[in-house]
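Remarks on the structure that follows.
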Amino acid sequence: MATTKEYRDFVLEQLSMLDITCKSMMGEYLLYCDGILFGGIYNNRLLVKIVSSNEKYHMQEAIPYKNAKPMYFVDDLDNSDILRDIVLDTCESLSNQKK
């Protein structure tokens, strides 16, 4: 099942406080914050990469698609403060890994 455009628009609206870029990929969407790929929208679920800095949010692991690495499922999209913190913490760890 591909992600609906309505769900994509909802997620992007919830993330509007950040500089988010969304790229379509085979019916799903990759999400970038300031050029860093931090997650995506898969089957109407917001998933972020698993890094040490976002473990503190105690999110459930989910598989985005067959044979993919697990990611964290962000289930509380209504709390914009937590959502922003999850994305920023994830991107900070990913940015540090590149250095």
Any hit, the stretch 63-83, residues being buried (at least 18 other Cβ atoms within 10 Å of the Cβ) and assigned to a helix (DSSP H, G or I): yes
Residue match in the stretch 14-31 (condition: touching a Leu at 6+ places or on another chain (Cβ under 8 Å), within 17 Å of SER95 (Cα to Cα), open to solvent by 50 Å² or more (accessible area, probe 1.4 Å) and part of a loop (DSSP other than H, G, I, E, B)): no
Members of the stretch 43-54 found to be open to solvent by 50 Å² or more (accessible area, probe 1.4 Å), outside any loop (DSSP other than H, G, I, E, B) and either at pLDDT 95 or above or within 23 Å of GLU6 (Cβ to Cβ) (or both), listed by number: ARG45
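The values are calculated or read from the model by the stated rules, or taken from the named source; none is laboratory data. Bear in mind that the values here come from a model prediction, so they are computed numbers and not experimental data. Every residue, glycine as well, gets a Cβ built from its backbone with ideal geometry; the counts of neighbours run over all protein chains shown. Note: accessible area is taken over every heavy atom of the protein model, side chains too, but ligands, DNA and RNA are not part of it. Shrake-Rupley method; radii C 1.70, N 1.55, O 1.52, S 1.80 Å.
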